[in-house]
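See structure below.
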Amino acid sequence: MALVFVGFMGAGKSSALDDVLDTDKLVEDQLEMPIASFFAAYGERKFRRREEPIVLRALRSGAPAIALGGGSVLSPTVREALREHTVVWLDVSDETAWARAAGEERPLAADREAFEALHAERRPLYASIADAFLPEGDRLVRRARPALEALAQAPSGTKLVWAVAGGSEYPVFVGRGLIGGLPRPGRRAFVVTDSNVGPTHGARLRDTHRTITIPAGEEHKTLAVAERVWRELAAEGMGRDDHLVALGGVVTDLAGFVAATYQRGIAVVHVPTTLLAMVDAAIGGKTGVDLPEAKNYVGAYHQPAAVVADVDMLATLPSEELAAGYAEVVKTALIAGGELWERVRRGGAPDDAVVVGCLRTKLAVVAQDERDEDRRQVLNLGHTVAHALQSATGYRRYRHGEAVGLGLLAALRLSGTDSLRAQVRELLDGAGLPTTLDADVDPEAVVAATRLDKKRVGGRVPFVLVRSPGDVVFGQRVAPDDVLAAVAELAHPRESS
Ligand SMILES: NC(=O)c1ccc[n+]([C@@H]2O[C@H](COP(=O)([O-])OP(=O)(O)OC[C@H]3O[C@@H](n4cnc5c(N)ncnc54)[C@H](O)[C@@H]3O)[C@@H](O)[C@H]2O)c1
């Protein structure tokens, strides 16, 4: 089994590792001329016919690492042969690909527009065959190699997404049956879990030193509980050469915060057990606790050492919690647009591919802006009203995801995208999520609570609005009366929407 690098021209496949076997070179040797010359003389079809057997032979050669030409995966026979291997997609931007490929005698890199159109056409193909998704980055594949080798040993169907944020990078594994073989960034594993997840799944973790169980539920995401965990870790002699394992949903926020602060920062492996945490909370490095005054008011950015999303764990998740996670799936699909939105829009339970699509979307945003100073704010879509709603109702009435669903409807009303709002409402409804406010929730109190939002600037909270799926804008000024009307409409929905 080899690591096989696929991706567009200029993705860096042939230089990914020192020991990589480059099939383009093998093809040129065989053709006894540069690929560009063969293309010019005989055309692409003849080229693909000559290329295919050479690629197939390389895949059978026993080489540990192989780089494929960008178009060789167009062959169904090659794609079939790739099933035996670990397929690593080096996902390069148009800019980088063009900068590297143009002027290099590449037959398909003569015209930039056509080059980008071809890239857009190929991306879904690369995505569909990839086991690992790697962004571009200097010598990144070398650093990711241990994780790629771990992926090769993982249960079949496991995917790896390489996350880059600020100065950190880490593997995110998504699959089934993964909980028994977690990465170990430190000597001893100290587990933090909650009173529901611990008894159900805790025993499946192997080789752990100590487990600290906190009470389940958002109302325990507090400084008092964080202090209890700090002190238990200190009493147990946990050091900086050990690591935390956060097993749960809310737990990833709280234990992430503990990891960010205990001895000024220790490694944490997140093992999300809810859909919401798999697609959102466990990735991206935001950690924190709530204050009675407002949600997530005390916290830190602390990227995990690894994330392991074992989708099997969702089997025991209560259906209302699965539904709550679905609201974040819909939010993420609205941000992503394209194929992910199309998939989610069709309805049905989110599968592993949707989980991977959501977390790739979030990680791509975080890679551009770890600290919420710019583009990351799009991830707050629906959250301004959601956080206010949770805080106005004392965190006991609505789950985070339920509040996000309602917040999405308010944001879509403010966006003036009525038919999209109706579609989202139908999706949320179909998942059993609330689409109207309980009668005793006062819209004025919710709007008042938005004024405590951490993201307010000059006394006003900027909103994230949606022009269309995939076209989401942040930092939008919205008149207070319009916010009140959008929240009030949740209490008294119009007939048509
Ligand atoms: N840090 C971030 O970027 C980020 C992003 C989104 C949300 N969040 C935070 O995530 C939190 C919500 O997390 P959540 O929805 O995962 O809630 P949660 O952890 O409270 O889980 C919901 C309930 O399900 C139980 N449970 C969890 N996994 C289970 C399983 N596999 N089987 C059986 N029971 C299980 C829990 O004990 C709990 O009772 C909120 O605090 C929110 O602010 C953070």
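Taking 8 Å as the Cα distance limit and 6 or more residues as the minimum spacing, I'd like the relative contact order of the chain as a percentage. Intermediate results must be reported in sequence, preceding the final value.
Details: 923 pairs, mean separation 52.4, N = 497.
Once divided by the residue count of the chain, the mean separation gives 11 percent.
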Degrees separating the helix 418-430 axis from the principal Cα axis of the chain, which is the longest one = 80 degrees
inquiry  = Restricting to DSSP loop positions (anything but H, G, I, E, B) with no more than 15 other Cβ atoms inside 10 Å of their own Cβ, which trypsin sites (Lys or Arg not before Pro) remain in segment 156-257?
reply    = ARG187, ARG206, ARG240
message = Ignoring ligands, DNA and RNA, please state the percent of accessible area on segment 223-307 from carbon and sulfur, probe 1.4 Å.
response = 54 percent
remark   = Between LYS46 and THR96, Cβ-based FRET efficiency (R0 25 Å, step 0.05) works out to 0.25
task = Take the alpha-carbon centre of segment 98-159, take the same for segment 82-96, and report the distance between them in whole Å.
result = 3 Å
request  = Return the sequence-ordered ³J(HN,Hα) values of segment 141-156 in whole Hz as given by the Karplus equation 6.51 cos²θ - 1.76 cosθ + 1.60 applied to θ = phi - 60°, using x for Gly and Pro.
outcome  = 4, 5, 6, 7, 4, x, 5, 5, 6, 5, 4, 4, 8, 6, x, 4
Potential lengthening between ALA294 and ASP111 on full extension [0.36 nm per residue; Cα-Cα distance subtracted] = 60.6 nm
ask   = Relative to the longest principal axis of the chain, what angle (0 to 90°, nearest 10) does the C-alpha long axis of helix 223-235 take?
value = 60 degrees
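Between LEU74 and GLU104, what FRET efficiency follows from the Cβ-Cβ distance if R0 is 22 Å, with the result rounded to 0.05? Numbers along the way, then the final one.
Numbers: r = 21 Å, r/R0 = 0.94.
The computed FRET efficiency comes out at 0.60.
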ask   = Which value, in Å² and to the nearest 10, is the accessible area of ARG451 when all protein chains are kept and the probe is 1.4 Å?
value = 130 Å²
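Quote the relative contact order of segment 172-317 in percent (integer), defining contacts as alpha-carbon pairs under 8 Å separated by 6+ residues. Provide the component values of the computation, followed by the final result.
Working: 307 pairs, mean separation 41.8, N = 146.
About 29 percent, as a whole number.
For the chain, what does the helix formula give at 222 nm: sum of -39500 (n - 2.57) over DSSP H segments with n ≥ 4, over the residue count, nearest 500 deg cm²/dmol? Display every interim value, and only then the final one.
Details: 17 runs with 213 residues, N = 497.
The per-residue figure over the chain is -13500 deg cm²/dmol.
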ask   = Nearest 20 debye, what's the magnitude of the dipole of segment 87-184 about its Cα centre given +1 on Lys and Arg Cβ and -1 on Asp and Glu Cβ?
value = 620 debye
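Leaving out ligands, DNA and RNA, and with a 1.4 Å probe, what % of the accessible surface on segment 375-491 is carbon or sulfur? Could you put the intermediate results ahead of the total?
Values: 2160 of 4730 Å².
Percent of accessible area from carbon and sulfur atoms in segment 375-491: 46.
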task = Give the accessible area for ASP29 in Å² (nearest 10); use a 1.4 Å probe, count only protein heavy atoms, and leave out ligands, DNA and RNA.
result = 110 Å²
task = Once you have all Cα-Cα distances for segment 283-393, histogram them in 10 Å bins from zero and send the whole-percent values.
result = 12, 39, 40, 9
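Counting other C-beta atoms within 10 Å, and keeping those with at most 10, which DSSP coil GluC sites (Glu not before Pro) do you find in segment 289-339?
Sparse-neighbourhood loop GluC sites (Glu not before Pro): GLU293.
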inquiry  = 5 Å is the cut-off here: which amide hydrogens, built 1.01 Å from N in the peptide plane, fall below it relative to ASP242, excluding neighbours closer than 5 in sequence?
reply    = ARG187, ARG188
request  = Rounded to the nearest 10 degrees, what's the angle between the helix 319-336 long axis and the longest principal axis of the chain, both from Cα atoms, 0 to 90?
outcome  = 60 degrees
Inter-site label distance for ASP18 and SER319 at 7 Å from Cα along Cβ, in nm = 5.7 nm
query = DSSP beta bridges in the chain, what fraction antiparallel, as a percent rounded to 5?
reply = 30 percent
request  = Step through the residues of segment 14-30 one at a time and calculate ³J(HN,Hα) from phi using the Karplus curve (6.51 cos²θ - 1.76 cosθ + 1.60, θ = phi - 60°), rounding each to whole Hz and writing x for Gly and Pro.
outcome  = 6, 10, 4, 9, 5, 9, 7, 8, 9, 5, 4, 5, 4, 5, 4, 4, 5
note = Inter-part gap, Cα centre of segment 1-65 to Cα centre of segment 417-480, in whole angstrom, is 50 Å
query = Under the Karplus relation 6.51 cos²θ - 1.76 cosθ + 1.60, θ = phi - 60°, what is the ordered set of whole-Hz ³J(HN,Hα) values for segment 44-54, x standing for Gly and Pro?
reply = 5, 4, 5, 4, 4, 5, 6, 5, 3, x, 5
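Where in segment 24-97 are there trypsin sites (Lys or Arg not before Pro) that are in a DSSP coil and have at most 13 other Cβ atoms within 10 angstrom of their Cβ?
Values: sites: LYS25, ARG45, LYS46, ARG48, ARG49, ARG50, ARG57, ARG60, ARG79, ARG83; in loops: ARG60, ARG83.
Sparse-neighbourhood loop trypsin sites (Lys or Arg not before Pro): ARG60, ARG83.
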query = Rounded to the nearest whole Å², what accessible area per residue is found for segment 172-317 with the 1.4 Å probe?
reply = 36 Å²
remark   = Hydrodynamic calc, segment 375-491: Kirkwood Rh from Cα pairs, then Stokes-Einstein at 10 °C with viscosity 1.306 mPa s, so D in µm² s⁻¹ is 114 µm²/s
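With a ≥ b ≥ c taken as the square roots of the eigenvalues of the C-alpha gyration tensor of segment 3-153, please select rounded if a/c is under 1.5 and otherwise prolate if a/b is larger than b/c or oblate if it is not? Working shown, then result.
Details: a/c = 1.63, a/b = 1.22, b/c = 1.34.
Because a/c hits 1.5 or more and a/b fails to exceed b/c, segment 3-153 counts as oblate.
How high is the relative contact order of segment 375-491? Use alpha-carbon pairs under 8 Å, at least six apart in sequence, and give a whole percent. Spell out each step's value before the answer.
Working: 171 pairs, mean separation 38.2, N = 117.
About 33 percent, as a whole number.
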Cα point-scatterer Debye curve for the chain, base-10 log of I(q)/I(0) at q = 0.08, 0.09 Å⁻¹ = -0.53, -0.66
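The values are calculated or read from the model by the stated rules, or taken from the named source; none is laboratory data. Predicted, not measured: the structure shown is a model, and the values here were computed from it. Because the Cβ atoms are built from the backbone with ideal geometry, glycine has one as well, and the counts that use them run over all protein chains shown. Side chains are part of the model used for accessible areas, which takes the heavy atoms of the whole protein and leaves out ligands, DNA and RNA. Shrake-Rupley method; radii C 1.70, N 1.55, O 1.52, S 1.80 Å.
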